[in-house]
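Derivation of every value follows stated rules applied to the coordinates shown; laboratory data play no part. Owing to the predicted nature of the structure, the values given are computational and were not obtained by experimental measurement. Here the Cβ positions follow ideal geometry from the backbone for every residue, glycine too, while neighbour counts run over all protein chains shown.
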Amino acid sequence: MAWVGSNVVPHEGDVRTRLRRMAVPEDEISDIVQDAYLRISRLDSVAHISSGRAYFFAAARSALLDRIRRQRIVRIDSRVEVEALVLADEDPDPERRVGARMELERIRAIIADLPGRCRQIFEMRRIQGLPQREIARLLDIPEHTVEAQATRGLKLVLKAIAGDSGDVARTRTRRKTSDDQRTG
């Protein structure tokens, strides 16, 4: 005990300073120092130690490394839980796939039922993602017409999705009738 008091304890401040420089959390420093003292106290003899300071630093380093190793060890049951989460099937079940396909086909049919120019502009704007200015240039029409037709198409699609699909058919019939009256 006397040897530890005179050869080890005086260097405790230096060990703590070194651990702080190594960015060891403050709450762990005292535990590491105590672990180092415990290692030294378990020795049968201190006769083989030529430098108490060097031995104390080495004991503290070993205690730190043991703590790091313990922190890296993951309990097997928590590892299995993590793997179970990773292996969970996130794909939709067959019923949801079929439902999604049916809904997609319904939306495709609704879009196909839009009036010709309205459908063309809606597809270019909403499906292909072209800017209004580009659509206007490609179709050689004013930009405000593109905006109006894209808005009209979106409103018709939304109404049809909401269950009022008769509006699309009625709009198409009215347009065809007005077109027929103009030509006839």
In sequence order, calculated HN-Hα J values of region 8-16 (Karplus, 6.51, -1.76, 1.60; Hz; x Gly/Pro) = 10, 3, x, 9, 4, x, 5, 5, 4
Cα→Cβ-extended label distance, 7 Å offset, between Arg20 and Ala54, nm = 2.7
remark   = When Glu103, Glu12, Glu95, Glu123 are ranked with the fewest other C-beta atoms within 10 Å first, the list becomes Glu95, Glu103, Glu12, Glu123
